[in-house]
Amino acid sequence: MKRIILLLLAVSTTGFIGCAGPEGPRGETGYSAEAIVYETVPINFLAPSYGVFYTFPQAALNSDHVLVYRLSGVDNGEDVWQALPYYKYFPNGTLDFGFDFDATRFDINIVLRGTGDLQTLNDNIRLGQIFRVVIIPGQFANKGVKNTLDLNDYNAVIKAYNIDDRNIKKIK
């Protein structure tokens with residue numbers, strides 16, 4: 001009986017001590033596990049590129065999702081954010097103009113596109129445009145948010161991912 005008790009005591013002590021080994025590698029630095037919102041300074045879309053290129057202050061992960069919204073107006077004191085890409089067409093169905101973007105985990109390129117001479121567009125379309133770039137880590141995008149989330153609705157995205165957009169980081 002004593003031997004069984006000693007054996008059980010020895011086995012349980014070994015179980016509590018556990019195995020020790022070398023510490024695992026540290027995670028990559030400079031990456032965030034939180035959603036981030038950046039806001040551009042007012043952009044003037046001018047020839048020849050009609051675009052602007054920004055490097056993110058902090059690199060995103062390959063699994064992150066990048067969403068872009070343009071400040072399209074103000075309604076009852078509230079900013080109205082329009083999801084990109086956004087295209088406006090002539091009545092005959094041809095493209096008038098549009099805002100589009102492409103992004104990597106390091107940077108984003110926001111462009112004004114159109115079929116005609118973009119210089120002839122109203123200044124309120126070409127000049128002083130402000131954008132918000134929302135980076136949602138992939139781990140958040142797939143957890144806890146219903147598939148019915150309207151990614152075109154900036155306010156819904158901010159609310160769904162519990163993003164505090166009061167202290168937005170400016171990118172230049």
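No lab work stands behind these numbers, since they all come straight from the coordinates. The shown structure was predicted, so the numbers you read here are calculated from the model rather than taken from an experiment.
Return the equivalent ellipsoid semi-axes of the range 52-172 as a descending list in whole Å, where each equals the square root of 5 times an eigenvalue of the C-alpha gyration tensor.
So the equivalent ellipsoid measures 26, 17, 15 Å along its semi-axes.
For the range 130-138, what does the Karplus curve 6.51 cos²θ - 1.76 cosθ + 1.60, with θ = phi - 60°, yield as ³J(HN,Hα) per residue in whole Hz, taken in order and with x for Gly and Pro?
Karplus-based 3J(HN,Hα) across the range 130-138 equals 10, 10, 10, 10, 10, 10, 10, x, x Hz.
Among all lysine pairs in the range 37-172 that are eight or more places apart or on different chains, how many have alpha carbons less than 29 angstrom apart?
11
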